[in-house]
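The values are calculated or read from the model by the stated rules, or taken from the named source; none is laboratory data. As the structure is a computational prediction, the values presented were derived from the model and not from experiment. Cβ atoms come from the backbone with ideal geometry, glycine included; neighbour counts cover every protein chain shown.
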Amino acid sequence: MIKAMADGHLYSHFASALRQALAELGHDATISDQSAHVTDGAAQTAPLVAELQGARPDAVVSFSSFFGGLTLGNGVSLFDALGVKFVGWQFDHPIYAPASLKRELQGRYAIYANRNHLRYAQAVKLPGRGITLLPGGELPTAPVKDYRSRDWPIFVAATWNGVPQRVWEQAPDSPGKQLLMGVVEALLGDRNASLLDAFNATSARLKLGARLGDDPEFDAMMRDFLCDPLTYVRNIDRINILRALVEAGLPLTICGAGWQALFGDRKNVTYLDRVDFRELQAIYGNARVVLNLNAGNGANERAVYAALAGAAVASDYSEQLDTLLGGGQGVAFFNRARPETAAQVVGGLIESGKGKALAQRGHDKVVRAGLWRHRAEQLVAFAEGR
């Protein structure tokens, strides 16, 4: 398993948890710490190449597909040449992980957090195999508080990225500008926030005749183009959803620097500084309801870990999360295209007293099917072609 990030990073925590789960299942799993070879943001590849040539593992797992684009001088994928299966595990849309879209890797094994991400990879005709899996979770290491005695009625951990700007509106009118604006509006109105569907529908409406998957060079150009609208939508989403809760007067605790400057001092809002992911589960254990954002295009790890900490999870829609927790049973869904529904759903959990039962059902469902042990079993089956 490739560790490409520093110890405090989410991916490094997941690598350790997955390695332990694989080891408990009897597999020889080791972590190759490549973060030690990163200088000024650039990773040296020679140490990994030497390690792979010496160890010749059956498979390599890399979160966000770091190093997945390594090739030999003849352009052949290093992993294909060595006969090593490369499993790239994406926790975000593949357009944010350029290595996951490298076509040189023919024997690709790709894991996506969302079916729409897999559909995108299939549309651009990436070689290899793909499946969808949520990340696993870990049981809390310390006892958690009784549900009703928790200090925070509603909790959300959200990175503050500033107020996004619609910079394209200042550009002269053109087919490209119309396409970008159309993609943004389609994403804002789509409960599932499918980038592939937004692009294809907008292109067809504008009669541009462009579709992803027809030309690899066009697809590569569109990858950079489409990052802007998706990033804009996910940032404006979290602002609009949190603003709906704040304006509704709900008792909200926000973890993440920067939000106080946006919403100001409010009697119903508590602000916490950003914390490392490994500290979050203990915090979830002090919350009755945890808000999970960006479910349509994210990994939903916060929902999984919050459920294991005994919190009721409220989230925008995710098919994979629905399958794991069951909408209305172990998770309460709202419509991200209508931010006011977030306040209605979350407020309903608090006011009706139904949060405790939902939290218990969600916890039990994750224990049965959402731990890293379960993901390790699925990973092995996928890599073995079962």
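Tabulated results
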item: Residues located in the stretch 123-172, provided they are among the polar types (S, T, N, Q) and more than 21 Å from the chain's Cα centre (by Cα); result: Thr141, Ser149, Gln165, Gln170
item: Inter-residue pairs, beta-carbon under 8 Å, first in the same structural domain as Val87 (by TED's automatic domain parsing) and more than 15 Å from Val87 (Cα to Cα) and in the stretch 1-28, second of a type in the set (D, E, K, R) and crowded, with 21+ Cβ neighbours inside 10 Å, 6+ apart; result: Ser12/Lys3; Ala21/Arg375
item: Any hit, the stretch 245-259, residues being among the aliphatic types (A, V, I, L, M) and farther than 30 Å from Ala186 by Cβ; result: yes
item: Restricting the stretch 185-194 to residues that are touching a residue at least 24 places away in the same chain (Cβ under 8 Å) and of a type in the set (Gly, Ala, Ser), the residue that is farthest from Phe334 (Cα to Cα); result: Ser194
item: Residues within the stretch 107-144 that are touching a residue at least 12 places away in the same chain (Cβ under 8 Å), part of a loop (DSSP other than H, G, I, E, B) and either in contact with an Asp or Glu (Cβ under 6 Å, 6 or more places away or on another chain) or more than 15 Å from Gly68 (Cβ to Cβ) (or both), tallied; result: 14
item: Verdict on Glu104 being closer than 30 Å to Leu252 by Cα, without any contact (Cβ under 8 Å) to a residue 40 or more places away in the chain and either of a type in the set (Val, Ile, Thr) or outside the structural domain of Leu272 (by TED's automatic domain parsing) (or both); result: no
item: Of residues in the stretch 87-114 being basic (Lys, Arg) and surrounded by 17 or more Cβ atoms within 10 Å (Cβ to Cβ), the one modelled with the lowest pLDDT; result: Lys102
item: Counted residues, the stretch 159-184 - those being surrounded by 14 or more Cβ atoms within 10 Å (Cβ to Cβ) and free of Cβ contacts under 8 Å to residues at least 60 places away in the same chain; result: 8
item: Hey, Ala23 in a helix (DSSP H, G or I), of a type in the set (Gly, Ala, Ser) and more than 26 Å from Glu138 (Cβ to Cβ) or not; result: no
item: Of all residues in the stretch 297-345 being under 17 Å from the mean Cα position of the chain (by Cα) and among the basic types (Lys, Arg), the one that is nearest to Gln360 (Cα to Cα); result: Arg302
item: Tally, over the stretch 8-38, of residues that are surrounded by fewer than 16 Cβ atoms within 10 Å (Cβ to Cβ), closer than 21 Å to Ala97 by Cβ and modelled with pLDDT under 90; result: 3
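Quick grid of which residues meet (1) part of a loop (DSSP other than H, G, I, E, B); (2) out of contact with any Ser or Thr (no Cβ under 6 Å at 6 or more places or on another chain); (3) crowded, with 19+ Cβ neighbours inside 10 Å; (4) hydrophobic (A, V, I, L, M, F, W, C):
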| position | (1), (2), (3), (4) |
| --- | --- |
| Asn200 | no, yes, no, no |
| Arg211 | yes, yes, no, no |
| Met221 | no, yes, no, yes |
| Thr231 | no, yes, no, no |
| Ala244 | no, yes, yes, yes |
| Leu250 | yes, yes, yes, yes |
| Ala257 | yes, yes, no, yes |
| Leu262 | no, yes, no, yes |
